[in-house]
Amino acid sequence: MTSITDIVPPGVVTGDNLLKLLEHARANKYAIPAVNCTSSSTANACLEAAAKNNSPVMIQISNGGGAFMVGKSVKDPNAAAAGSVALAYHVRAVAKYYGIPVVLHSDHCAKNLLPWFDGMLQADKDYFKMFGEPLFSSHMLDLSEEPDEENIAICVKYFKEMAPMKIWLEMEIGITGGEEDGVNNENIDPEKLYTTPEQVYAVYDALSKIGPMFSIAAAFGNVHGVYKPGNVKLSPERLLTHQEYTKEKIGSDLERPIFLVMHGGSGSTDEEIKLAVENGVIKMNIDTDTQWAYWDGLRKFEAEKREYLQGQIGNPDGAEKPNKKYYDPRVWIRKAEESMVDRVSESMDRLGSAGKYPKSSEPGSQQCTVTKKKGNVMGGVVAGIKKIF
């Protein structure tokens, strides 16, 4: 197996390097965890897990995550885009210090959220003018609730806009059940939870004419959230049927010609995940389990130190003893991060990405500055940021 350290640099990867990374995952049958992040803290936890496990990682943000990142008091219609861009800049500023490849991705974008998508895409264009690459590595359009013809047509429209910057497009056809980030499919017709080979090929046929940088989230019974065992029937064997159908249609020499994505993976068994990856899944979304892990770290800390967290002064060690070292946010947020690191590490192990990228020893650097012979470097960057909005 060719080492990806020989072909992909550490830090945020885009364009050709992103394609190489995902081709390596597909060829070597592992998937990269894509974790929804809502803050610099949760993003750092993902980066730490990746460095700890010598694994690439995907950091993704949803519309709701972007709105939270900018601040819930902000009611501007562009708030979600601004927050998403802010997280992207944070990750670009620190990613190389962790020594592993990072994919910057935006999660589910339904039709009513296209203005958010447009805002991020404008940020990509402005960043591209400054740095020769897009701000984000990839974006997802989730138009699965629309008729297939409209879903594919809108994806084609945006993919043509993204292709010159070599931005990856993820799309969804067939519906993931459950509820996530305000999108509720809990009462959907069960038959719609299973995408057909014909639907997948229709997407492949349309997008492959534009470029190779796209992936398909094909539903195989997936459900967002976490449910009791037995309540969700996953059929990852259907993914192989999609691959074989498209392979025959296009006469491909590749064993798995389609880049597939798995959503609604919380609570899935090891066997289900393994089979999905063997059948071409190169990315699996993680949100519900990491949300719980982050909270659980804080919960355990509060339970253990409760008597030290009831006031600024006074604890079991003495009525005048200070408690600052317990209520300092850097202490309890860190406990949440450590718990999340452990859960992301577990996903890297289950998906087979752990150990695939030995942490780089090269010095860290920011990926949102440029060296110019003349002029104020940071002034140019700030001016570029202002242009985005």
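The values are calculated or read from the model by the stated rules, or taken from the named source; none is laboratory data. These figures come from a predicted structure and were not determined experimentally. We place every Cβ from the backbone using ideal geometry, glycine too, and count neighbours over all the protein chains shown. These area figures cover heavy atoms from the full protein model, side chains too; ligands, DNA and RNA do not enter into them. Shrake-Rupley method; radii C 1.70, N 1.55, O 1.52, S 1.80 Å.
Any residue that is farther than 22 Å from LYS335 by Cα, part of a helix (DSSP H, G or I) and in contact with a strand residue (DSSP E or B) (Cβ under 8 Å, 6 or more places away or on another chain) - is there at least one of those in the stretch 27-44? So far as the stretch 27-44 goes, no, none of its residues is farther than 22 Å from LYS335 by Cα, part of a helix (DSSP H, G or I) and in contact with a strand residue (DSSP E or B) (Cβ under 8 Å, 6 or more places away or on another chain).
Would you check which residues across the stretch 33-61 are of a type in the set (A, V, I, L, M) and touching a helix residue (DSSP H, G or I) at 6+ places or on another chain (Cβ under 6 Å) and list them?
Correct list: VAL35, ALA43, ALA45, LEU47, ALA49, ALA51, VAL57, ILE59, ILE61.
Close contacts from the stretch 345-365, counting a first residue that is more than 19 Å from ALA34 (Cβ to Cβ) and a second that is open to solvent by 30 Å² or more (accessible area, probe 1.4 Å) and part of a loop (DSSP other than H, G, I, E, B), with Cβ to Cβ under 7 Å and a gap of 6+ residues or different chains, come to PRO358/ASN54; LYS359/ASN54.
Pairs linking a residue in the stretch 17-31 that is open to solvent by 10 Å² or more (accessible area, probe 1.4 Å) to a residue that is assigned to a helix (DSSP H, G or I) and not aliphatic (A, V, I, L, M), with Cβ atoms under 6 Å and 6 or more positions apart or on different chains, are LYS29/GLU278. Can you tell me which residue among LEU104, LEU87 is crowded, with 24+ Cβ neighbours inside 10 Å, among the hydrophobic types (A, V, I, L, M, F, W, C) and either farther than 15 Å from SER138 by Cα or touching a Phe, Trp or Tyr at 6+ places or on another chain (Cβ under 7 Å) (or both)? LEU104 is the lone residue from the list that is crowded, with 24+ Cβ neighbours inside 10 Å, among the hydrophobic types (A, V, I, L, M, F, W, C) and either farther than 15 Å from SER138 by Cα or touching a Phe, Trp or Tyr at 6+ places or on another chain (Cβ under 7 Å) (or both). With respect to GLU179, is the statement that it is surrounded by 15 or more Cβ atoms within 10 Å (Cβ to Cβ), in contact with an Asp or Glu (Cβ under 8 Å, 6 or more places away or on another chain) and either at pLDDT below 95 or not hydrophobic (A, V, I, L, M, F, W, C) (or both) true? Answer is no for this residue. Quick check on the stretch 359-376. Is at least one of its residues under 30 Å from ASP296 (Cα atoms) and either in contact with an Asp or Glu (Cβ under 6 Å, 6 or more places away or on another chain) or modelled with pLDDT of 55 or more (or both)? Yes, because at least one residue in the stretch 359-376 is under 30 Å from ASP296 (Cα atoms) and either in contact with an Asp or Glu (Cβ under 6 Å, 6 or more places away or on another chain) or modelled with pLDDT of 55 or more (or both).
Residues in the stretch 280-318 that are closer than 30 Å to HIS108 by Cα and out of contact with any strand residue (DSSP E or B) (no Cβ under 7 Å at 6 or more places or on another chain): THR288, ASP289, GLN291, TRP292, ALA293, TYR294, TRP295, ASP296, GLY297, LEU298, ARG299.
Take the residues in the stretch 258-273 that are out of contact with any Gly (no Cβ under 8 Å at 6 or more places or on another chain) and farther than 22 Å from CYS37 by Cβ; name whichever of them is surrounded by the most Cβ atoms within 10 Å (Cβ to Cβ). This residue is GLU272.
Restricting attention to the stretch 56-75, the residues that are small (Gly, Ala, Ser), in a helix (DSSP H, G or I) and either under 16 Å from LEU141 (Cα atoms) or open to solvent by less than 10 Å² (accessible area, probe 1.4 Å) (or both) total 3. The C-beta contact set for the stretch 303-319 (first residue at positive phi, second residue part of a strand (DSSP E or B) and exposed (fewer than 10 other Cβ atoms within 10 Å of the Cβ), distance under 8 angstrom, 6+ apart or interchain) comprises GLY314/GLU320.
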